[in-house]
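One structure is given below, encoded as structure tokens.
The values are calculated or read from the model by the stated rules, or taken from the named source; none is laboratory data. Please read all numbers here as calculations on a predicted model, not as lab measurements. No Cβ is skipped: glycine too gets one built from the backbone with ideal geometry, and neighbour counts run over all protein chains shown. Only protein heavy atoms, including side chains, enter the accessible area calculation; ligands, DNA and RNA are left aside. Shrake-Rupley method; radii C 1.70, N 1.55, O 1.52, S 1.80 Å.
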Amino acid sequence: GFALAAVLTAIPFWIVIYDVFRNPRVGAVVILIFAFVQIVVHMVYFLHMNTKSEGGWTVLALIFTAVLVVITLSGSLWVMEHLDYNMMPMSPEQMRSMP
């Protein structure tokens, strides 16, 4: 587990240091994939999470946590996007058309 985690850490560093991908978006997506794989490695090898431990409650708690994180992040991004749109300064044409 430790060797796999070390390799999954070293490869993204190598990608960034040597500028392996010309397009930064491709590099970011590849690094995010490595991050997701590393999360799974940590959960399996270090936290010993599987469907049989504690009657499956650890996996159920993980799914519940993931749902809450997705709801919180998407709601925060939605609110920030709408605040950005609604709080933008008006153009002179828009100010003239106000009553």
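General observations
- Applying a threshold of 6 Å to beta carbon distances and a minimum spacing of six or more residues, or different chains, the list of pairs starting in region 18-43 at a residue that is assigned to a loop (DSSP other than H, G, I, E, B) and ending at one that is at pLDDT 95 or above and open to solvent by less than 50 Å² (accessible area, probe 1.4 Å) is empty.
- Close pairs (7 angstrom Cβ cut-off, 6 or more residues apart or separate chains): closer than 30 Å to Thr51 by Cα in region 61-89, open to solvent by less than 70 Å² (accessible area, probe 1.4 Å) and of a type in the set (A, V, I, L, M, F, W, C) anywhere: Leu62/Met49
- Residue list for region 34-65, filter: of a type in the set (A, V, I, L, M, F, W, C), modelled with pLDDT of 90 or more, open to solvent by 100 Å² or more (accessible area, probe 1.4 Å) and within 22 Å of Ala3 (Cβ to Cβ): Phe36
- In region 66-92, residue farthest from the chain's Cα centre (by Cα) [restricted to those that are exposed (fewer than 10 other Cβ atoms within 10 Å of the Cβ) and either under 30 Å from Met43 (Cβ atoms) or of a type in the set (Ser, Thr, Tyr) (or both)]: Ser91
- Taking the criterion of being of a type in the set (D, E, K, R) and either in contact with a Ser or Thr (Cβ under 9 Å, 6 or more places away or on another chain) or part of a helix (DSSP H, G or I) (or both), the only residue of region 44-68 that qualifies is Glu54.
- Within region 43-57, being under 21 Å from the mean Cα position of the chain (by Cα) and of a type in the set (S, T, N, Q) holds for no residue.
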